[in-house]
Amino acid sequence: MMRIATDILPYAEIVRNGRTEAVSRRYIIDEEVEFLDGQLITSRTNLNGIITHANKAFALMSAWEKDELIGRPHNILRHPDMPKAAFADLWRQVKNGERWHGYVKNLRKDGRYYWTYATVIPNIRNGQIQGYTSVRRRPTPDKVAEIAHIYREMRQDERSGTCS
């Protein structure tokens, strides 16, 4: 059941899919959805971050239908509480052919959120990066509390222009 309207915060972002830009108007409900025990979320994207594969757990946790996810930019899940620096680090590493690990707060289609511990791996064929695979699992509550605090500080620094 969704919370009453007073708990809903408007949120707008520009979604880029490599060729076009569109403003996506989303609503955020400050309500966490628990990551399902024993599940792994998996997805693959092309070089531009467009989803080419999504498993059932991804659809279930994100509240999107599987066919709605395919062809969309992976950043449709980006929660505004996530610092830009986290994704800059992710892209720097995977574009260099390295694996990335980190904690991510994702925005669901219904406006609620969920936390994951993500591993993103470049898909390399014949020495060339062809795309990326992401595997997400349930994070520990203690680590989420720690990371949420760090991310809040990073977002404050981003807003004040003091991030390094």
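Averaged per residue, region 39-96 has 50 square angstrom of accessible surface, using a 1.4 angstrom probe with ligands and nucleic acids left out. Using a simple spin-label model with pseudo-atoms 7 Å out from Cα toward Cβ, N126 and T140 lie 4.4 nm apart. Ranking K95, K105, K143, K84 from most to least accessible surface, computed with a 1.4 Å probe over the protein chains only, gives K84, K95, K143, K105.
The equivalent ellipsoid of region 59-130 has semi-axes of 23, 16, 10 Å, largest first, where each one is the square root of 5 times an eigenvalue of the Cα gyration tensor. The mean of 1/r over all distinct Cα pairs in region 94-164, once inverted, gives the Kirkwood hydrodynamic radius of 14.2 Å. For region 87-164, GluC sites (Glu not before Pro) meeting the loop criterion (DSSP other than H, G, I, E, B) and having at most 15 other Cβ atoms within 10 Å: E98. The calculated FRET efficiency for H101 paired with Q39, based on their beta-carbon distance and R0 = 22 Å, is about 0.75. Among the GluC sites (Glu not before Pro) in region 23-60, those located in a DSSP loop and surrounded by at most 10 other Cβ atoms within 10 Å of their own Cβ are E34.
In the assembled protein chains, W91 presents an accessible area of approximately 80 Å² (probe radius 1.4 Å). Compute the Cα gyration tensor for region 31-164, then decide on rounded, prolate or oblate, letting a ≥ b ≥ c be the square roots of its eigenvalues: rounded whenever a/c is under 1.5, prolate when a/b is larger than b/c in the other cases, and oblate in all that remain. Note, shape of region 31-164 comes out oblate.
The values are calculated or read from the model by the stated rules, or taken from the named source; none is laboratory data. Not measured: the values here are computed from a predicted model. Counting neighbours? That spans all protein chains shown, and the Cβs are built from the backbone with ideal geometry, glycine included. These accessible areas exclude ligands, DNA and RNA; they are computed on the full protein's heavy atoms, side chains included. Shrake-Rupley method; radii C 1.70, N 1.55, O 1.52, S 1.80 Å.
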